[in-house]
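I have placed the structure first, in the form of structure tokens, so that the comments after it can refer back to it.
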Amino acid sequence: MNLTIHRGSHKIGGSCVEMRTGKTRILIDFGMPLVDEKREPFDSKSLRDKSLAQLKEEKILPDIQGLYRGEPRGIDAILISHSHQDHYGLLDYANPEIPLYMTRGVKAMIEVSNIFIHHKSGKIDAQVVRSWRPFTIGDFTVTPYLMDHSGPDALAFLVEAEGKRVFYSGDFRAHGRKRILFETILKNPPKDIDCLLLEGTMIGREEQRYADENAIENRMAEILTETKNIVFLSCSSQNIDRIVSAYKACLKAHRTFVIDLYTAFILSKLLKISKNLPQYKSNNVCVMYWKHHADNLVNAGYRGLLFVYKENKIELPEIVKKRDAILMIARANPDFSRTLKDLGDVKGAKLVYSMYDKYLTDGFKAKCEKKGIEIEHVHTSGHATVEDLKAFAAALKPKMVVPIHTFYADKYEGLFSGVKVLKDNESLIL
Ligand SMILES: [Zn+2]
Ligand SMILES: [Zn+2]
């Protein structure tokens, strides 16, 4: 078996791995870069108006024969580990005849993003795979493993062919609401792994302030109890663990969780996967209608949902009246700015910033400060700590550990045994 990391051997974001036998070629993930060559944030808008040839020329699209639209098809399948853009975001450039494989939750989240975000990945016509159920593609047998991550229904893959076994960790952690998945793999790890492709997002990053999702929930509940005005929450609504933490904190502190249409839509999409998630009609949940979200839903043919969610719609006067009993989703967008203006005096209010620190822009920060809103960071990563990565590698006992999804491939050597650092595009024969 031949293995090539087309992108991701030395960076976080834009992961793309190819595995090949004499007969079959598969790709795992086809992500959009998160940073450019200078490690500055990658702007997906820069993809617009560029031809496929140009994007290849600029190395935004990796040079993979038989992958792209308009070329003879040479790839037998693309497997998507999870619904973060840095793992699937370039799919719209792939030849649409190549079969896609992903979980139901991942498919649902990609459909949501296609409705609400700028960069669309086109219609996703994917084969739905189920955790721990092996499937075959030509010479390959693939077993998906459900993982604990900040995106729902995320997978790792055990890939077998020609007597070799590769484990692709995907993005994962051990401190979310599904930590049991990590513990289960540790107790009963896949055996005889020749090569472990191991993500290392947290390698080289600082210690986390909050150990796990429970700590997040507890701190949020404290903030909701202490604060005498409205509390805002900035988080990714596709981070379902976090939405659940916020919801539970609201229950503890007797506040209403005011979600936007985008969040309401995500939660209804995931209802089929988990019946326990909060929904727009849960007791202490209300839905606010921002115009651009409503427009997005209407344009995607979901006008009917605007009537469905209306059952629990909250209007501004009610938010103003009940401000000290509300946790409200906040986003760096014009609709939120208008809401802030309409809310009037928000001195003493708090904004819980629940994403990676570096995503907080100076502009948004300044806007909050000007209004007298105090920002508190309450976040824990979607990625495993170095200790958990070590425990994971120790349990799997692979013959070889290959760094991926990391800025610090050079640090693996001091942490794991059998490290083999690959360069992007370098082929490894197993
Ligand atoms: Zn990632
Ligand atoms: Zn991820």
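Quick rundown of the values:
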{"item": "Positions within region 239-272 being among the β-branched types (Val, Ile, Thr) and open to solvent by less than 10 Å² (accessible area, probe 1.4 Å), in sequence order", "result": "Ile243, Val258, Ile259, Thr263, Ile266"}
{"item": "Residue in region 373-390 that is open to solvent by less than 70 Å² (accessible area, probe 1.4 Å) and farther than 23 Å from Arg209 by Cα present", "result": "no"}
{"item": "Residue check, Arg219 surrounded by fewer than 24 Cβ atoms within 10 Å (Cβ to Cβ) and basic (Lys, Arg)", "result": "yes"}
{"item": "Residues (crowded, with 16+ Cβ neighbours inside 10 Å and in a helix (DSSP H, G or I)) located in region 396-423", "result": "Leu396, Ala409, Lys411, Tyr412"}
{"item": "Region 68-121: number of residues that are closer than 14 Å to Val17 by Cα and in contact with a strand residue (DSSP E or B) (Cβ under 6 Å, 6 or more places away or on another chain)", "result": "8"}
{"item": "Residue selected from region 354-366 under the condition open to solvent by 80 Å² or more (accessible area, probe 1.4 Å) and modelled with pLDDT under 90, by the criterion farthest from the chain's Cα centre (by Cα)", "result": "Lys358"}
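The values are calculated or read from the model by the stated rules, or taken from the named source; none is laboratory data. These numbers come from a predicted model, not from an experiment. Positions of Cβ are backbone-derived with ideal geometry, glycine not excepted, and every protein chain shown enters the neighbour counts. We work out accessible area using only protein heavy atoms, side chains counted, and drop any ligands, DNA or RNA first. Shrake-Rupley method; radii C 1.70, N 1.55, O 1.52, S 1.80 Å.
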